[in-house]
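Step one of this worksheet: look at the structure below.
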Amino acid sequence: MKQKIAETEAKEKEETERKKKLADEKRDRSFTLEDVKRHWNELILLVKREKNHFFISILEDGILEFKAPYTIEFALHNPILKDYFHKLRPILFKFFSEKLHNDLLVFEAKTAQTGTGKKMLYTQQEKLAFLAEKYPALVELKNKLGLDLDG
């Protein structure tokens with residue numbers, strides 16, 4: 001009986017040491033941006049199945065980029081989503097560390113520059129001028145129909 005207890009304790013100690021050694025070793029497999037994008041799309045599909053619309057909007061809003069060997073930067077168009085993205089980082093880390101076999105990943109968010117130099121069109125006259133540049137016949141049509149944009 002004592003021998004059996006000693007064997008069990010030895011196996012438990014051996015198993016504990018093995019688990020500790022595995023915990024100390026970090027997975028460090030290399031990956032490409034294409035790998036990240038493929039798994040990113042997979043994650044979006046999983047989230048869509050769960051119907052988590054808020055999470056979907058964050059994932060679909062931005063652009064993925066590599067910033068450093070293990071850093072994946074996510075450029076968001078809406079600065080408000082940046083705070084929510086930080087709350088999602090543990091989920092992203094768990095998902096991607098399993099898919100990419102890499103425990104050294106870092107996820108960062110930044111606000112993307114949305115200013116493309118285009119002027120926002122607010123008034124009817126601004127909208128007509130913009131469309132008239134693309135479709136010159138539009139002004140002629142407006143005049144023939146006698147349309148008034150002020151009213």
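Descriptive notes on the structure:
- Net lengthening on full extension, LEU145/ALA6 (0.36 nm per residue, minus Cα-Cα): 40.2 nm
- Förster radius 25 Å - calculated FRET efficiency between ASP61 and ALA132, Cβ distance, rounded to 0.05: 0.15
- Cα gyration tensor, segment 33-111 - rounded (a/c under 1.5), prolate or oblate: oblate
- Ordering of 44-50, 76-82 by burial proxy (mean other Cβ atoms within 10 Å per residue, highest first): 76-82, 44-50
- With each label modelled as a point 7 angstrom along the Cα→C-beta vector, the HIS53-ARG27 pair spans 3.4 nm.
- Among 132-142, 60-70, sorting by the average number of other beta carbon atoms lying within 10 angstrom of each residue, highest first, gives 60-70, 132-142.
Readers should treat all values here as calculations from the given coordinates under stated rules, not as data from a laboratory. Only a predicted model underlies this, so the values are computations on that prediction, with no experimental measurement involved. Quick reminder, even Gly has a Cβ in these numbers, built from the backbone with ideal geometry, and neighbours come from all protein chains shown.
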